[in-house]
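Each remark here refers to the structure printed beneath this line.
The values are calculated or read from the model by the stated rules, or taken from the named source; none is laboratory data. Please read all numbers here as calculations on a predicted model, not as lab measurements. When we count neighbours, we look across all protein chains shown, and the Cβ atoms used for this are built from the backbone with ideal geometry, even at glycine. Surface areas here come from the heavy atoms of the whole protein model, side chains and all, with no ligands, DNA or RNA. Shrake-Rupley method; radii C 1.70, N 1.55, O 1.52, S 1.80 Å.
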Amino acid sequence: MTTLAWTRRRADELIGAHLERWSFDFDHARTRVGCCHYGDRRITLSRHLVLYLTAPEVDQALLHEIAHALVGAKAGHGPAWRKQAARLGYTGRRTIPVPDARRQARWAARCPRGHEYLRHRRPSGKAYCSICAKAGEWHLLRFEDRR
Ligand SMILES: [Zn+2]
Ligand SMILES: [Zn+2]
């Protein structure tokens, strides 16, 4: 997992190495990781989703968008973009996978029998494994902050 501060440093580094007069910012998207804003020469990444990416995944997302910036909007994800992206070291696909719910959940607990529970918000009060409870075993769930 990464931090916003790290992501911004890394973005400035990569954009500085490959582009001229382009800037970086965060956006609030939840359904896509990155975006290339050709008009105002800006690359943005989702402040929500980058937190669930590994450092190499952030690099890949940035290279994907930098390739867009280099070849222009008309190229789309066509051959020119693919060639440029590969030259930069991008190994992913035409779309950057959005981290799934499992990776996005901040709180996780596992009962002694291995049943996993995920929560987006800090769980309040006591919770027991509901699967084991059906069999008459009461295992208290201890949620850990994965961030
Ligand atoms: Zn793209
Ligand atoms: Zn269980």
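In order along the stretch 95-104, phi translates into HN-Hα couplings of 10, 8, x, 7, x, 6, 4, 4, 6, 7 Hz, rounded to whole numbers, per the Karplus curve 6.51 cos²θ - 1.76 cosθ + 1.60 with θ = phi - 60° and x for Gly and Pro. Assuming a viscosity of 1.306 mPa s and a temperature of 10 °C, what translational diffusion coefficient in µm² per second does Stokes-Einstein assign to the chain, Rh being the Kirkwood radius over Cα pairs? Stokes-Einstein gives a translational diffusion coefficient of 92 µm²/s.
Go through the stretch 4-33 and name the trypsin sites (Lys or Arg not before Pro) that are in a DSSP coil and have 13 or fewer other Cβ atoms within 10 Å of their Cβ. Walk me through the numbers before you get to the answer.
Working: sites: 8, 9, 10, 21, 30, 32; in loops: 21, 30, 32.
Here the trypsin sites (Lys or Arg not before Pro) that fit, given the DSSP loop and packing criteria, are 21, 30.
Helix 4-18 and the long axis of the chain differ in direction by around 20°, with both axes built from C-alpha atoms. Could you tell me how many degrees, from 0 to 90 and to the nearest 10, lie between the Cα long axis of helix 79-88 and the main elongation axis, the longest principal axis, of the Cα atoms of the chain? Once rounded, one gets 70 degrees. What distance in nm separates the two pseudo spin-label positions at residue 3 and residue 82, each 7 Å out from Cα along the beta-carbon direction? So the label points at residue 3 and residue 82 sit 4.0 nm apart.
Rolling a 1.4 Å sphere over the protein heavy atoms, what is the accessible area per residue of the chain, to the nearest Å²? Could you put the intermediate results ahead of the total?
On the way: 9060 Å² over 147 residues.
Using a 1.4 Å probe on heavy atoms only, each residue of the chain averages 62 Å².
Please identify the chymotrypsin sites (Phe, Trp or Tyr not before Pro) of the stretch 14-45 that satisfy two criteria: DSSP loop assignment and at most 15 other Cβ atoms within 10 Å. Which are they?
Working: sites: 22, 24, 26, 38; in loops: 22, 38.
Those that pass, being in a loop and sparsely packed, are 38.
The residues 121, 47, sorted by heavy-atom accessible surface at 1.4 Å with ligands and nucleic acids left out, run 121, 47 from largest to smallest. Ellipticity at 222 nm from helices only: DSSP H runs of n ≥ 4 in the chain, each -39500 (n - 2.57), divided by the residue count, give -10500 deg cm²/dmol. Computed from Cα positions, the angle between helix 55-71 and the longest principal axis of the chain comes to roughly 30 degrees.
By a 1.4 Å probe calculation restricted to protein chains, residue 44 has an accessible surface near 0 Å², given to the nearest 10. Specify the residue with the greatest mean-square fluctuation among 34, 78, 125, computed from a Gaussian network of the chain linking alpha-carbon atoms under 10 Å apart. The residue that fluctuates most here is 125.
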